[in-house]
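To keep things clear, I will list the structure first and then write my remarks on it.
The values are calculated or read from the model by the stated rules, or taken from the named source; none is laboratory data. Bear in mind that the values here come from a model prediction, so they are computed numbers and not experimental data. All Cβ positions, glycine included, derive from the backbone under ideal geometry; neighbour counts span all protein chains shown. The area values use the complete protein model at the heavy-atom level, side chains included, leaving out ligands, DNA and RNA. Shrake-Rupley method; radii C 1.70, N 1.55, O 1.52, S 1.80 Å.
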Amino acid sequence: MTALLEAKGLEIHFGGVVAASDVNLQIHEGKNLAIIGPNGAGKTTFLNICTGYLKPSAGQVFFNGKGITRKSPREITRLGVARAFQIPQLFGEHTALENLLIAAAARERRWAPFTRLGQIPERAEMMHLLEMVNCVHVADRPVEELPEGQRKLIDIAVALALKPKLLFMDEPTSGVASSEKFAVLDIVAKALTESKVTSVFVEHDMGIVERFADEVAVWNRGEVLHRGMPDDILSHADVVRDVIGEEI
Amino acid sequence: MSLVPRLAIPLLLIAVALLPFLAPWSKVMLTLALAKGLAVLGIVVLLHAGQVSFGHALFFAVAAYSAAFLGQAFGGGELVSMVLIGVASAVVVGLLVGLFVVRYRYIFFGMLNLAFSMIVFSVLEKFYHYTGGSDGLQVARPLVLGIEMERPAFESLLFYGGLVIAVIVAWAVHRYFDSPIGHMLKTIKTNETRLEYLGVSARRVLLVGYLVSAALCGLGGVLMAVAQGIVTPEYAWWIRSGELVFIAILGGAGSVSGAFVGALVYEVVRTYASAFAGDVWQMILGFFLLGIILYAPRGLIGVYGSFMGRIGSNTASGKEAKRRAMEAAE
Amino acid sequence: MNLQLIALAVFDGVAYAALVFMVAVGLTLIFGVLRILNVAHGSFYAIGAYVVASVGGAIFAAGWSPWLAFPLMLIAAAVVGIVLGGLIERLLLRRIYDKEEALQILVTFAVFMILEDVQRLVWGVQPYFEATALQSLGNIQVFGVYYTVYQLILLPLVALAVLAGLRLFLRHTLSGRLILAVTEDREAATAIGIDTDKIYLMTFMLGAALAAFGGALASATTSVLPGIGADMIVLSFAVAATAGLGQIEGAALAALLIGLGRSFAVYLMPELEVLIPYLIMLLVLLWRPEGLFGVTQTRKI
Amino acid sequence: MLEFENVTVSLAGVRVLRNVSFKIDASETVALIGANGAGKTTALRTIMGFTDVSGEIRFGEMALTAVAPAKRPRLGIGYAPEDRRLFSAFTVEDNILMPGQVAKLTPGELRRRLDLIYEILPELRELAARPAGSVSGGQGKMVALGRALMIGRKLIMLDEPFQGLAPALARRYAEALRRLRDTDSEVTLIITESNPGLLKNFADRALVIDRGEVRAGSLNAEEAA
Amino acid sequence: ADKPDQLQVGVTAFLSGPASVFGEPAKAAAEMMVAEMNASGGIGGVPLKTYFVDEGAGGEAVLAEYRRLVQDVEVDAMFASISSGNCNKIAPLAEDLKVLNFMWDCGTQRIFEENSYRYVFRTQGHATPEMLSSVLYLLKTKPDFKSIAVVNQDYAWGRESWKMFSAALKAMKPDVQIVAEFFPKFGAPDFSTEISRLQALRPDVIVSTSWGGDLDTFVRQAAQRGLTNTSTLVLPLAESSLERLGKALPAGHIVGTRGDHYFLHPERKSDLAFSGFVEAFKEKTGAYPIYPVFHMSQALNALKAAYEKAIAENGGDWPEREQVVDAMAGLSFAGLGREVRIREDNQGIEDQLLGTTIHVDGHEFAVLDNMMMFDGDELTTPVGQESVSWLEQLTPEFVGKVKVEAFSHGS
Ligand SMILES: Nc1ncnc2c1ncn2[C@@H]1O[C@H](COP(=O)(O)OP(=O)(O)OP(=O)(O)O)[C@@H](O)[C@H]1O
Ligand SMILES: Nc1ncnc2c1ncn2[C@@H]1O[C@H](COP(=O)(O)OP(=O)(O)OP(=O)(O)O)[C@@H](O)[C@H]1O
Ligand SMILES: [Mg+2]
Ligand SMILES: [Mg+2]
């Protein structure tokens, strides 16, 4: 198994807060890795470093064997890393479909000034993506009017529209109603496998982790505490105590 | 687009084109309105990105002075080369300034543009040995493709030529807005982070928009310079930049046709206000602007749109209106 | 340039900076809280100056004590701030807080245009001049050069007092802290019980009063005539942007930089004088994109 | 305690709540549940006065619609918005204190409530001196929660308070809220949640928002669905 | 041609902005004088009607309005303008529109030196005699001064006027030392820095061609800080500021009037038409007339003279427009001052009056004493020559040769 992405010795501090301390992690191609951990453990920070939003004070990140530590989000995205956000990052004034079309145009580098966005060849593909995340009925609504849950789904779809090799998802299901969570992630997971996308997702819902993760990594206070198969990790005493909590 | 607005633009164009036959003096005023409309279109491009420049008069002035220098260097000059050189120098300066300002947003973007324009303004005033100081430079009537023209013919040429150019440019900008890169420009207003995470450089997208807007302002500046026959540092003054933004909002922010409609209405209101209310024309314009912003924030184009909507709802979309009425009655 | 000239240039720069600061800090305050770049700010400056010059002229001609000039300035500033500022906030700005930035600026631009004409209708076009305050404090001689006590000592002291007072108010009083909270998130502030309407109104009145106070102070040193507001406003913009928006201390430092830059330019390269504020602003922003004291955005993702 | 009578709310021309009527008694704990976009957040924002509303909302004896939004917190209403909305320039502790200061609580009372909040949400103690702008997504939710507790003596409204919290923490909070409810029998709680399982143990009943209408629902039934 | 109902005249003047200190009095004067003319039968029996255009509205608006008045309202003559910048813009336009245009107040000497016009005339002197007479007055009254500094507004007028002043000064007093040249920006509110610098430099003479608020502020700040005790001010435009400055302008400084414009004109003050107007003007506006008022009177009287001459040449019939233009050649007329003559290059020749300030009882402000009147013919650049090079070839002997008439206050 080759490591698609590898983090070595990442360090980052914010004032006195340690958000990453000697973080070493390999992400294997074709697998879904879940990251769990208490709030403020440094999960989002890890994603931020890997996607170029933050620069670590020490350590390196490699993607496909290439160093990307000092690269900008834009350059890293161009290498095939996409991201969905904890708080959805969308183009509020554009419709759901347009959001996806813009992503597709960016992917295909359609810069010609006189082509129309609504008529680029990827339109059908994008409609299909919308269908996948159950949002066809809101395709023509400006996303700023949509509720948070739907925005999260569209945010994931935008990331998928880039056809990445590696997809980071920060709490993809928080804010999505529990009745829909599984159905949606089922579809996303299927799409990921089909297009052989490796994924890393931060998640607080252990049901989701159990069902979709091939592997789990546990974060606490800026460190990777454990890593392993979901069944093992989720029953580990530390994890139960710090992350999952016992039924009271 | 429904039928009515589709006809509206050609009708308006024809009306404007015919106006000089009724009132000969209006030809130059309309040419100036066109020139400003072009510059306002430049502002509209940036408004699409949510950015307001309070210094775009800079490009207006750069192009106008380039044309004037060219004219002086060649004892009159040639209209076509003036336009080309003027626009080209606006684009070059746009690139220099743009590389710097596209790193900033909102108020900083506006203020930096203001700063650059004020620097150019001050230089134009200070270095009067080269620029003629506040009196500016005369722009003698240039040849047109080698032909010398009398004032009336020249003025007609400028007006009708300007009208044709404006139509072409407006169409091009319209298409630009609807292109992927035009839509990306709009996302600078809403979410740059995501744009970067799509692998697109927000700065580059904005720079393209900035160059387009500089070119448009430049085109307007040259037209203004040759129509006026003189260029002055006032072309670069902040009030002038403010005026361009003012017109953009007046016409309807973000609307291509609004830029020209706004410029036309502004020019007419301003001319008549200063003619018939000599000492309170500023106040009249001020109230006019307040009225537009408070009661018709989508500008004149918006007013027109809702007016047409109301007429339309009696006919075409009567069903929709009925549904609304029923809902209201519930 | 010898030491004497450097000292002279510093004195001139500081005196000038004090006035610029008074106006710019009001602008910055309003921007910081209301997020509106107030173009009409220059008009408050001008009107403050007009009120003091015309009222002062009238009462001193009637034989009142010249020392009344100082309370008159404070009263004029308060009246302009409360009446004019209050009216504008209530009748106009209140209706546009949720509109786009460009629209907001243009509303204040329109107010500026209207007030320009109002000034002409009320005070005419002849310059006013009322230097009683300046004269009553006399001159002092430094390095063989006469300075007015008013410009060399009083103005900088007043500016310092305003700076200290505003700092104290914003950082260490509850109302000041509430203002900062409203600045960041209006709805959230309402949700914890802050009367944001009132805060906006008070801030705008305070900012307008500061501008008018700047004008009142300036009226003793300059002719008051049409157009003084327009120049002041661009200068204050430059100061506010250099400072970092909403930054009180930044405004003081930026005003000082610009004041000193200007006076040294007059001594060394007079051609550069008008360019100085903008050059300083460009350099500062190149080095610190958020301005001298500006804060970088909070985390978004 | 709180009563909606024929309340209709439109956002941008879309009617999100239609003619809604319901009643919540004092010291009840109610879960407001519904799919994404059902209008849960809108209902809470309406109580805070941030929407244009037609119809009657009563709070105790008072017509709430006649009270200016900024005056409502002083009636004892605390609100933790879904999207946190902290004041990033202030520390976490200042954020929590601020509603109390605005309402001019006595220093003693402020202290008492702050201690209570730290007791319920001990994680906040550690964050107290940090700028609120720098805390993580989940930490931000806690701060918002703490802030709502400061002023909410009669009514506390929490919009998806557990969203983004690690389950261990979420459970502890649910527990803490239950204790709060048990000790302070005065207070009414409205909690919106798209994961009703968490509320099963202490919500008295559930209200479901569905297509703009509100009806009684069951936490268990929702979970099953 | 048929006699029209009205003789329509468009007047551009600053009615807003800082230069409205000139435009407003001129407008008031025009209204008074036109009313008076119309009461006595107008011009050749035709009453005048005036249209005002605000130059403060900006160059474009002025040009648009100019065109509208000429092409739409079809005015018979235009008086334009106060600003030299506007004169530059308007002169070629007037020529193309073939409308009789009087440059009634602007001073730029360039217009007729760089181009020749048929329809454009200037009904007063230009900047060259104004500056030259200031230098001459200075050299005659204070021949021994050594050093000079300048503080002018930074725009074309401030620059150009200094160029001419210094050219003439260097030509006639080659050993003079120019110690500082300041061009603070137009409308600058504060001259403290410049004044500190000047106090450190201590020049014998400080010249400033500023006007309006800028001049007032400079003089007041200079006086306040004692600069007026150590240096003599030469203020070629200060006649327009005397009343406003009040006691702030001390005695002993040199004041110019842009012509022979002075409400106590030594030759005309006892003349009833003159004193009556001055009284009426003061009554109406609250201030004494200043030079733009005088310039306006010259333009109106030039129009009257031209029409009357053309009517006479046309055998008593109303003249065609072109005949009026023809009648301008060599025309002489007098406003509220000495006679002015139109030269063959369309430039007016006007005498220059300067004086030194004194404070006397009966006036709350400085008035002029030790007045000198210079002959415009001698001081105006000869036709076909360029002003600066003409000034540069003057010699120190010119100071003695030039003809002056002297007057003192009250004489
Ligand atoms: N820009 C920043 N400035 C200061 N502190 C920061 C910054 N970003 C993160 N932190 C701190 O670093 C720690 C890790 O934050 P991070 O967002 O990575 O947590 P997380 O594991 O994603 O938590 P959550 O599950 O709540 O989203 C937190 O304590 C947070 O307060
Ligand atoms: N500004 C707005 N303009 C138009 N429609 C809006 C706006 N805000 C919300 N809506 C609409 O109102 C409806 C209710 O939204 P609300 O946020 O109250 O739902 P919610 O139940 O809280 O959903 P979630 O579980 O996702 O938070 C949604 O359908 C949404 O599209
Ligand atoms: Mg996180
Ligand atoms: Mg919600």
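What to note about this one:
- Taking the conditions (1) surrounded by fewer than 24 Cβ atoms within 10 Å (Cβ to Cβ); (2) within 20 Å of D:ARG181 (Cα to Cα); (3) within 16 Å of ligand 3 (Cβ to nearest atom) in turn, D:GLY133 satisfies each one other than (2).
- Of all residues in region A:71-115, exactly one satisfies the criterion of being facing chain B (nearest Cβ under 7 Å), assigned to a helix (DSSP H, G or I) and polar (S, T, N, Q), namely A:THR77.
- Selection within region E:214-243: residues that are in a loop (DSSP other than H, G, I, E, B) and at the interface with chain C (Cβ under 10 Å from one of its Cβ atoms). The member of this set that is modelled with the highest pLDDT is E:SER241.
- Looking only at region A:26-46, residues that are more than 12 Å from every other protein chain (Cβ to nearest Cβ) and within 16 Å of ligand 3 (Cβ to nearest atom) come to 2 in all.
- Residues located in region E:296-355, provided they are of a type in the set (D, E, K, R) and assigned to a strand (DSSP E or B): E:GLU339, E:ARG341
- Qualifying residue in region B:196-209 (condition: at pLDDT 90 or above, of a type outside the set (D, E, K, R) and closer than 30 Å to B:LEU30 by Cα): yes
- Single residue of region D:120-163 satisfying the filter (near ligand 1 (Cβ under 9 Å from one of its atoms) and small (Gly, Ala, Ser)) that is farthest from the chain's Cα centre (by Cα): D:SER134
- Screening region E:117-213 for helices (runs of 4 or more DSSP H) wholly inside it with 1 or more residues that are within 14 Å of chain B (Cβ to nearest Cβ) returns the ranges E:127-141, E:156-172.
- Residue check for A:ILE49: within 14 Å of another protein chain (Cβ to nearest Cβ) and within 16 Å of ligand 4 (Cβ to nearest atom): no
- Sole exception among (1) within 16 Å of ligand 2 (Cβ to nearest atom); (2) open to solvent by 30 Å² or more (accessible area, probe 1.4 Å) for D:LEU158, by number: (2)
- Just one of (1) under 27 Å from B:ALA273 (Cα atoms); (2) open to solvent by 50 Å² or more (accessible area, probe 1.4 Å); (3) more than 10 Å from chain B (Cβ to nearest Cβ) fails for C:LEU121. It is (3).
- A single entry from D:ALA170, D:ALA166 fulfils the requirement of being facing chain A (nearest Cβ under 7 Å), open to solvent by less than 20 Å² (accessible area, probe 1.4 Å) and within 12 Å of ligand 1 (Cβ to nearest atom): D:ALA166.
- Being crowded, with 23+ Cβ neighbours inside 10 Å and within 22 Å of the chain's Cα centre (by Cα) is a property that A:ARG107 lacks.
- D:LYS141 satisfies every condition listed in (1) surrounded by fewer than 24 Cβ atoms within 10 Å (Cβ to Cβ); (2) within 16 Å of ligand 3 (Cβ to nearest atom) except (1).
For every residue, the table says whether it meets (1) touching a Phe, Trp or Tyr at 6+ places or on another chain (Cβ under 6 Å); (2) within 30 Å of A:LEU47 (Cα to Cα); (3) part of a strand (DSSP E or B).
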position: B:VAL200; (1), (2), (3): no, yes, no
position: B:ARG204; (1), (2), (3): no, yes, no
position: B:VAL208; (1), (2), (3): no, no, no
position: B:SER213; (1), (2), (3): no, no, no
position: B:GLY218; (1), (2), (3): yes, no, no
position: B:VAL222; (1), (2), (3): no, no, no
position: B:VAL226; (1), (2), (3): no, no, no
position: B:TYR235; (1), (2), (3): yes, no, no
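- Criterion violated by C:GLU187 - all others in (1) crowded, with 24+ Cβ neighbours inside 10 Å; (2) within 14 Å of chain D (Cβ to nearest Cβ) satisfied: (1)
- Boolean, A:GLY15 is within 14 Å of chain D (Cβ to nearest Cβ) and away from ligand 3 (no atom under 16 Å from the Cβ): yes
- Note on region D:75-94: among residues that are in contact (Cβ under 8 Å) with a residue 40 or more places away in the chain and open to solvent by 20 Å² or more (accessible area, probe 1.4 Å), the one that is nearest to ligand 3 (Cβ to nearest atom) is D:ARG84.
- The selection criterion, being within 16 Å of ligand 2 (Cβ to nearest atom), assigned to a strand (DSSP E or B) and away from chain A (no Cβ under 14 Å), holds for D:VAL7.
- Of all residues in region A:120-159, those being within 16 Å of ligand 1 (Cβ to nearest atom) and buried (at least 22 other Cβ atoms within 10 Å of the Cβ) number 2.
- The criterion of at least 1 residues that are within 16 Å of ligand 4 (Cβ to nearest atom) is met by the following helices (runs of 4 or more DSSP H) wholly inside region D:91-159: D:137-151.
- Screening D:ALA35, D:ALA43, D:ALA31 for residues that are in a strand (DSSP E or B), among the small types (Gly, Ala, Ser) and within 15 Å of ligand 4 (Cβ to nearest atom) leaves exactly one candidate, D:ALA31.
- The sole residue among A:PHE85, A:PHE14, A:PHE63 that is without any contact (Cβ under 8 Å) to a residue 12 or more places away in the chain and away from ligand 4 (no atom under 16 Å from the Cβ) is A:PHE14.
- Within region D:158-175, residues that are on the phi > 0 side of the Ramachandran plot have Cβ atoms under 9 Å from residues that are assigned to a helix (DSSP H, G or I) and within 15 Å of ligand 1 (Cβ to nearest atom) in these pairs: D:GLU160/D:LYS141; D:GLY164/D:GLY137; D:GLY164/D:GLY138; D:GLY164/D:GLY140; D:GLY164/D:LYS141, counting only partners at least 6 apart in sequence or on another chain.
- Within region A:67-101, if we keep just the residues that are closer than 25 Å to A:SER174 by Cβ and of a type in the set (Val, Ile, Thr), the residue that is farthest from ligand 1 (Cβ to nearest atom) turns out to be A:THR95.
- Members of region B:24-51 found to be within 13 Å of chain E (Cβ to nearest Cβ) and open to solvent by 20 Å² or more (accessible area, probe 1.4 Å), listed by number: B:PRO24, B:LYS27
So that you can scan it fast, the table gives a plain yes or no per residue for (1) open to solvent by 20 Å² or more (accessible area, probe 1.4 Å); (2) within 16 Å of ligand 3 (Cβ to nearest atom); (3) within 14 Å of chain D (Cβ to nearest Cβ); (4) touching a Cys at 6+ places or on another chain (Cβ under 8 Å):
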{"position": "A:ALA161", "(1), (2), (3), (4)": "no, no, no, no"}
{"position": "A:ALA177", "(1), (2), (3), (4)": "no, no, yes, no"}
{"position": "A:GLU180", "(1), (2), (3), (4)": "yes, no, yes, no"}
{"position": "A:ILE187", "(1), (2), (3), (4)": "yes, no, no, no"}
{"position": "A:SER195", "(1), (2), (3), (4)": "yes, no, no, no"}
{"position": "A:ARG221", "(1), (2), (3), (4)": "yes, yes, yes, no"}
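- Scan of region D:12-23 for residues that are of a type in the set (Val, Ile, Thr) and buried (at least 21 other Cβ atoms within 10 Å of the Cβ), ordered by number: D:VAL16, D:VAL20
- Test result for A:VAL23, assigned to a strand (DSSP E or B), farther than 17 Å from A:ARG221 by Cα and in contact with a helix residue (DSSP H, G or I) (Cβ under 7 Å, 6 or more places away or on another chain): no
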